[in-house]
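Notes to accompany the following structure.
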Amino acid sequence: MNTYYEQLMAFKGADELTKLINRWEVLSSNISKRSFDAPIILPDIFMYTWPGYGNTKLLSLLSEYLNSKENLMSFYGDVKFFEFKLEYCKPDDEFKELYRLIDTTEVAAGFRNEFKGIIRINVNDWVGHHKEKHFRDFLQFLQLNTSYWLVILTLSNTRENDKTRAMEGMVSMYLRIEKVTLNMPDNEELVDFASTYLAKYGFELDDSARKVLVASVDALRNNEYFYGLNTIKDLCSDIVYSLFSSSNKVSNVITADMISGFSADSEYIKRTMVKIEKTVTLGF
């Protein structure tokens, strides 16, 4: 079994993506049974995702998976994928972002004369501006190069609405697209992730500690700036630091009392929510 496939199937909240990948499995199998010269060009992807979901890891696995299939798409250049944020440009301003994208593609190609691979482009800034000439020029540029690239246009930290559906409609005029929504794992799944992370340091959660973390995670994710798995990793790192620095004899089993300083109503959680908001607002 393909290890990249298995890891992709294990991603929480990625049901729509895993269904798409399973269609690619069938596609790859059918292609291998036939002989023809015409290339199979995968549709591009219009994706709803979340900051901190693990998008870069997902892209890495996706590129390795597609590369391992050999008959679905080609990879050529210094890297198999790169990520790009298309900043908004006013209609009367020069569309420098398109030039920046072209430059980034050339860097990805390296000493080779072209780049073939996956490009994830965050288009958040263009919601509500999809009819503007700059955005249509951007889509036309992608259209001219889609035979070389698998383009993944992403909207992060936003749900489907009238404006995003209008943008999707505009994109579909230029590209063949599949729409995919990545859902943030629920509280229990996020605590499972935390438990796995803590296990790396030899810790396990008892039932009382797990209840504390479920409530803490719920408080954190109710903040509109919740940064997904990155926030959970930071929480776990602080728990580990607190436990190892507070006593010479540390129990391997974490109880509620041991992590009371990380409860939902703690100063730590309140401070973390402020930190997340400032970090996301500033764009780091």
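The values are calculated or read from the model by the stated rules, or taken from the named source; none is laboratory data. None of the values given here were measured: they were computed from a predicted structure. Because the Cβ atoms are built from the backbone with ideal geometry, glycine has one as well, and the counts that use them run over all protein chains shown. Surface areas here come from the heavy atoms of the whole protein model, side chains and all, with no ligands, DNA or RNA. Shrake-Rupley method; radii C 1.70, N 1.55, O 1.52, S 1.80 Å.
Structure notes:
- Checking ASP125, ASP92 one by one, the residue that is under 23 Å from LEU58 (Cα atoms) and modelled with pLDDT of 95 or more is ASP125 and no other.
- Residue match in segment 117-130 (condition: in contact with a Cys (Cβ under 6 Å, 6 or more places away or on another chain) and in a helix (DSSP H, G or I)): no
- Residues being in contact (Cβ under 8 Å) with a residue 60 or more places away in the chain and open to solvent by less than 50 Å² (accessible area, probe 1.4 Å) - total across segment 12-49: 12
- The C-beta contact set for segment 109-123 (first residue surrounded by 18 or more Cβ atoms within 10 Å (Cβ to Cβ), second residue part of a helix (DSSP H, G or I) and among the charged types (D, E, K, R), distance under 9 angstrom, 6+ apart or interchain) comprises PHE115/GLU106.
- Among (1) within 27 Å of GLY228 (Cβ to Cβ); (2) part of a helix (DSSP H, G or I); (3) among the aliphatic types (A, V, I, L, M), the one test that LEU98 misses: (1)
- Here GLU178 meets each of (1) under 20 Å from LEU59 (Cα atoms); (2) of a type in the set (Asp, Glu); (3) modelled with pLDDT under 95 with one exception, condition (3).
- Qualifying residue in segment 60-77 (condition: surrounded by fewer than 16 Cβ atoms within 10 Å (Cβ to Cβ), in a helix (DSSP H, G or I) and either at positive phi or in contact with a helix residue (DSSP H, G or I) (Cβ under 8 Å, 6 or more places away or on another chain) (or both)): yes
- Only one of LEU144, LEU139, LEU150 that is within 17 Å of SER172 (Cβ to Cβ) and either free of Cβ contacts under 8 Å to residues at least 24 places away in the same chain or among the acidic types (Asp, Glu) (or both): LEU144
- Here PHE95 does not fit the description of being open to solvent by 30 Å² or more (accessible area, probe 1.4 Å) and either of a type in the set (Asp, Glu) or in contact (Cβ under 8 Å) with a residue 12 or more places away in the chain (or both).
- Scan of segment 143-177 for residues that are among the polar types (S, T, N, Q), open to solvent by 50 Å² or more (accessible area, probe 1.4 Å) and under 21 Å from the mean Cα position of the chain (by Cα), ordered by number: ASN157, ASN161
- Scoring TYR88 on the criteria (1) in contact (Cβ under 8 Å) with a residue 40 or more places away in the chain; (2) assigned to a helix (DSSP H, G or I); (3) open to solvent by 20 Å² or more (accessible area, probe 1.4 Å) leaves a single failure, condition (2).
- Where a residue in segment 204-227 is under 20 Å from MET273 (Cβ atoms) and its partner, wherever it lies, is basic (Lys, Arg), with Cβ under 7 Å and at least six apart: none
- Qualifying positions in segment 22-66 - touching a Lys or Arg at 6+ places or on another chain (Cβ under 6 Å) and not hydrophobic (A, V, I, L, M, F, W, C): SER28, PRO43, SER63
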